[in-house]
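Notes for the one structure printed next.
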Amino acid sequence: MNSSTFPFPWLHAFMFSFLITAFSSNSFLSSATPQVSYADHCNSLVPEATLNNFQPSSVQFHTGYYTSSESSNSLSFHIRNLYKTDRGGVFGIEGHLVLRSSESKFYYVGNVSHSPGYNTGSVKFRLHGFRSESSGEVCMVGSGFSVTRRAVLKLSNLRNSSSSVTTLVTGTLESLSSPHDLSYFEPISILIFPGRNYEYTPVSKEFGDEFSGGNDTIVKGLPINSLQGNSFCSVFSRRVNEFNLKYNSSGCISAKNCNPFGDAVGFLPRIVYLKGIDCLEEEKRMRVLVAFPNSSYVGINPRFDPNTAFVGEGFWDGKMNQLCIVACRFLNASKSLVNARVGDCTTRLSLSFPAVWSIRETNNIVGTIWSGKPVNDSGYFNRILFHSSENRMFAVPGLKYEYTEILRAGKLCGLREKPEKKKREWYTDKYSSDMQFDIRVRRNLGNISWGFATPITVGYRFYQRFMFPIAPSSSSSINPSNSKASANSPIIVSYKIGIRLSDKISLSDIISTSGERVEITAEGIYDAETGQLCMVGCRNIVSKDDQSLISDSMDCEIVVNFQLPPLKSKKTGGHIKGSITSTRSKPDPLYFERLDVSSASYTAVQAKESISRMDLEIILALISNTFVCVFVGLQLLHVKQHPHLLPFISLVMLLLLTLGHMMPLVLNFEALFLNNRDHQKLVLGSGIWLEANEVLVRLVTMVAFLLEFRLLQLTWSARLTDRDQKSSWFAERSAVFVSFPLYIAGALIFLLVNWTKNSLWEDLKSYTGLVLDGFLLPQILLNIFRNSKQDVLSRSFYIGTTFVRLLPHVYDLYRRHSYSSVVSYSYIYASPNADFYSALWDVIIPFGGLVFVAIIYLQQRFGGRCIVPGRFREDEEYEKVPVVGDSELTQK
């Protein structure tokens with residue numbers, strides 16, 4: 001029946017409204033936890049009212065921060081449902097409060113860490129209560145989602161009326177549990193930025209002149225539509241934008257007028273981060289949190305400290321192509337956020353994307369922070385510069401690079417123009433990927449540090465996958481219009497070099513501590529025919545007191561030399577050697593000793609070849625370990641059918657095989673999955689597929705280890721219960737006394753031969769592989785001492801296992817013939833660190849393995865001493881004469 005035929009339309013509307021209200025009321029009441037009474041905890045703030053009907057409205061989303069005695073970080077407050085009540089201006093509300101962690105580990109409220117099974121990265125409360133529009137007070141009660149944690153939320157200044165940058169919603173979240181309960185937590189103070197009916201201040205009109213006039217450090221940047229995303233909000237959509245701070249002079253380190261917070265915080269910030277609160281695309285406006293943490297790393301969810309943070313409004317200045325921000329301080333927030341307010345909006349920030357790069361400026365984003373107060377004011381601080389902290393660079397159309405040190409590099413390196421030859425545009429196109437490589441840095445044969453060398457520009461093109469010409473700069477030292485000279489002369493390049501310093505490597509005492517990263521920007525000349533790459537480098541100066549960058553202080557007295565493979569060897573790759581040196585004298589505090597650099601160069605063709613080779617090696621390793629499982633399984637089946645053979649198996653042989661599969665699982669696990677694979681990712685651009693398949697290889701290896709361990713256990717148990725234990729253990733000990741001296745003597749000879757090398761540990765691991773190749777030696781010796789003629793080992797076991805041990809040497813011969821060069825840390829199968837591999841050893845070891853197989857076959861058919869010369873054998877006929885015959889002769 002529709003409404004047009006219903007006799008009383010008003011009754012139809014009333015019934016519909018009644019049903020909706022009843023359903024909403026039941027939903028509202030059901031969300032409450034029965035143990036939590038609203039009247040007991042909230043009537044004094046917002047008295048409880050009777051719900052009338054559900055008021056449809058969009059979900060209100062508010063963001064903010066909280067602090068407690070244990071933690072501080074971000075929160076979100078969702079008002080999901082709104083209800084009218086019988087009291088005017090009072091609304092029933094339902095919502096969720098989510099507290100997030102400032103740490104990468106698990107977050108717990110109070111003593112909830114004692115609650116079993118609760119280990120999420122955030123805490124979520126389901127709440128219901130009432131809000132007064134006139135007073136702005138809110139009171140809600142509820143509990144946690146996953147753990148019973150009763151709480152009451154009290155907020156002030158939450159209204160539907162318009163709000164501004166100085167408007168804050170503050171309050172507390174308090175536990176309703178007893179202090180002795182595990183679910184109890186200390187009171188949490190809350191600060192929320194209003195997310196509804198927010199009105200932006202007309203900052204572009206009121207403060208616009210402060211961002212464009214009288215500031216000589218502002219340089220016009222790239223327009224917003226030329227950046228990645230091509231929209232205002234998408235460019236600033238990252239949750240956290242982190243920047244490094246640069247102060248004006250070394251004298252600023254101890255002066256309070258250099259710190260935006262004076263001497264109240266007790267530290268000089270090293271970084272600043274911007275976190276967006278909301279954004280308007282059409283108006284190009286945004287609200288943002290500006291924070292100065294006491295650390296050198298921010299992360300995804302940085303810890304919030306209102307005493308070192310600002311909240312501000314930003315707008316995009318289309319004339320200067322920069323983001324302008326007016327920032328305001330948090331006041332009265334030193335102890336709790338309940339009484340916090342926003343004021344003192346005299347701090348200014350500007351942020352832009354430089355349109356011109358040079359050796360002294362290759363940052364994607366640069367900016368300035370300054371005070372709008374008079375110089376003699378107590379809150380005034382000197383101008384601070386900041387730049388993007390990311391190592392990653394991106395270039396966009398319209399970006400320029402200005403070469404400024406090419407002439408000096410040519411003089412220092414002795415590279416000059418050469419007669420006209422074949423144009424070398426090839427290196428900016430076909431072989432451009434060869435110019436990026438990882439480096440290993442060492443000083444005086446000391447500890448090794450790792451780094452990278454990535455081109456910024458090659459010739460007059462930015463170095464990217466899709467390279468595009470550089471827009472010529474009017475002040476460039478080299479005229480790109482001279483195409484003939486640039487095509488027939490050594491090509492000009494610029495680089496960014498990053499080094500992660502170790503304990504023993506530093507660039508003078510004024511820069512870096514252990515684990516710090518140093519970045520050097522360099523430009524110079526590359527000669528493709530000789531492979532010489534010589535550049536002048538610049539690095540930022542860092543205060544040794546607190547690691548803060550000093551603006552306008554750079555050390556450009558650095559020479560970077562790389563010897564790349566020349567043009568004629570680009571098809572086969574090669575090694576890179578070089579150095580980073582200081583041209584300063586030793587007494588100079590910025591002087592540092594020579595750093596030796598080495599790496600390897602591989603073309604794109606070689607990288608693909610290496611990846612296909614590694615794929616093949618993974619398959620071979622998987623097949624080999626699978627065969628081991630099969631062969632050991634067949635041996636287990638063999639001894640199950642003939643259990644009397646177990647005491648005749650060599651324990652030393654089984655121990656060698658078991659340890660051979662156990663050691664890679666134990667010793668090489670970290671090197672395999674952490675160190676080696678990291679380098680392979682950098683060089684070959686691969687990793688995920690390789691890691692997944694190598695995990696499978698390790699799993700099969702573990703299965704092989706468990707099967708061999710089971711065979712060892714069965715043999716040991718059988719030896720202990722053998723009737724002829726005395727002769728069994730005598731033969732085993734005799735085999736040990738012969739084999740172990742041979743192993744030790746071989747190791748000593750090997751160490752003496754390789755004593756001058758610095759890789760004795762790697763060489764010793766290779767010798768261990770040689771011992772495993774001859775795993776049948778202890779069984780051969782045991783057969784001799786026991787003169788056994790039993791089929792102790794199944795043919796599939798000793799022939800198959802020998803085949804698995806010898807297959808890597810056959811593959812190594814193929815690899816040497818088929819692949820031009822191999823990265824030392826990219827070996828997966830037949831690694832030189834696991835055995836002896838060379839053209840000679842790859843013949844000797846398989847031959848020796850086949851000889852051992854033949855000996856085992858002969859011993860199990862003709863007796864253990866069949867290989868011993870005749871005069872050393874015992875007369876087996878005497879062993880067949882019964883002892884009782886001797887007693888009978890005595891009686892006679």
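Quick grid of which residues meet (1) over 30 Å from residue 310 (Cβ atoms); (2) at pLDDT 85 or above:
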site	(1), (2)
9	yes, no
19	yes, no
26	yes, no
34	yes, no
69	no, no
75	no, yes
80	yes, yes
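Name the residue, out of 136, 171, that is within 17 Å of residue 62 (Cβ to Cβ), in a loop (DSSP other than H, G, I, E, B) and modelled with pLDDT of 90 or more.
Exactly one of 136, 171 is within 17 Å of residue 62 (Cβ to Cβ), in a loop (DSSP other than H, G, I, E, B) and modelled with pLDDT of 90 or more, namely 136.
Of all residues in the range 408-458, which are at pLDDT below 75 and in a helix (DSSP H, G or I)?
Matches in the range 408-458: 425, 426, 427, 428, 432, 433, 434.
If I filter the range 131-178 down to residues being open to solvent by 30 Å² or more (accessible area, probe 1.4 Å) and small (Gly, Ala, Ser), which single residue comes out as farthest from residue 39 (Cα to Cα)?
164
For the range 842-854, give me each residue that is under 15 Å from residue 797 (Cα atoms) and open to solvent by 30 Å² or more (accessible area, probe 1.4 Å).
Those that are under 15 Å from residue 797 (Cα atoms) and open to solvent by 30 Å² or more (accessible area, probe 1.4 Å): 850, 852, 854.
Please determine, by comparing only the residues of the range 695-716 that are open to solvent by 60 Å² or more (accessible area, probe 1.4 Å) and without any contact (Cβ under 8 Å) to a residue 60 or more places away in the chain, which one is farthest from residue 790 (Cα to Cα).
Ranking the candidates gives 695 first.
Would you confirm whether or not the range 42-58 contains a residue that is part of a helix (DSSP H, G or I) and modelled with pLDDT of 65 or more?
The answer is yes, given that some residue of the range 42-58 is part of a helix (DSSP H, G or I) and modelled with pLDDT of 65 or more.
Limited to the range 848-871, what total is found for residues that are assigned to a loop (DSSP other than H, G, I, E, B) and in contact with a helix residue (DSSP H, G or I) (Cβ under 9 Å, 6 or more places away or on another chain)?
Final tally of qualifying residues: 6.
Do you know which residues across the range 319-344 are open to solvent by less than 40 Å² (accessible area, probe 1.4 Å) and not polar (S, T, N, Q)?
323, 324, 325, 326, 327, 328, 330, 333, 337, 340, 342, 343
Could you give me the residue pairs with C-beta distances under 9 Å whose first residue belongs to the range 368-379 and is under 10 Å from residue 346 (Cβ atoms), whose second residue is surrounded by fewer than 10 Cβ atoms within 10 Å (Cβ to Cβ) and hydroxyl-bearing (Ser, Thr, Tyr) wherever it lies, and which are 6+ apart or on separate chains?
Cβ pairs passing all conditions: none.
So in the range 274-318, with the set limited to residues that are part of a strand (DSSP E or B) and of a type in the set (Lys, Arg), which one is least open to solvent (accessible area, probe 1.4 Å)?
The extreme case among them is 287.
Quick one: in the range 717-758, which of the residues that are within 42 Å of the chain's Cα centre (by Cα) and surrounded by 12 or more Cβ atoms within 10 Å (Cβ to Cβ) is modelled with the highest pLDDT?
So, considering only residues that are within 42 Å of the chain's Cα centre (by Cα) and surrounded by 12 or more Cβ atoms within 10 Å (Cβ to Cβ), the one modelled with the highest pLDDT is 747.
Here's the yes/no breakdown for (1) at pLDDT 85 or above; (2) farther than 30 Å from residue 161 by Cβ; (3) open to solvent by 40 Å² or more (accessible area, probe 1.4 Å); (4) polar (S, T, N, Q):
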{"site": "206", "(1), (2), (3), (4)": "no, no, yes, no"}
{"site": "210", "(1), (2), (3), (4)": "no, no, yes, no"}
{"site": "214", "(1), (2), (3), (4)": "no, yes, yes, no"}
{"site": "218", "(1), (2), (3), (4)": "no, yes, no, no"}
{"site": "229", "(1), (2), (3), (4)": "no, yes, yes, no"}
{"site": "233", "(1), (2), (3), (4)": "yes, no, no, no"}
{"site": "254", "(1), (2), (3), (4)": "no, yes, yes, yes"}
{"site": "258", "(1), (2), (3), (4)": "no, yes, no, no"}
{"site": "272", "(1), (2), (3), (4)": "yes, yes, no, no"}
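Can you pull out the residues in the range 759-779 that are modelled with pLDDT under 90 and in contact with a Lys or Arg (Cβ under 8 Å, 6 or more places away or on another chain)?
Scanning the range 759-779 gives a single hit, 763.
The values are calculated or read from the model by the stated rules, or taken from the named source; none is laboratory data. Just so we're clear, the structure is a prediction, and the values are computed from it rather than from any experiment. Cβ: placed from backbone, ideal geometry, glycine included. Neighbour counts: every protein chain shown. Ligands, DNA and RNA are excluded from the accessible area calculation, which covers all protein heavy atoms including side chains. Shrake-Rupley method; radii C 1.70, N 1.55, O 1.52, S 1.80 Å.
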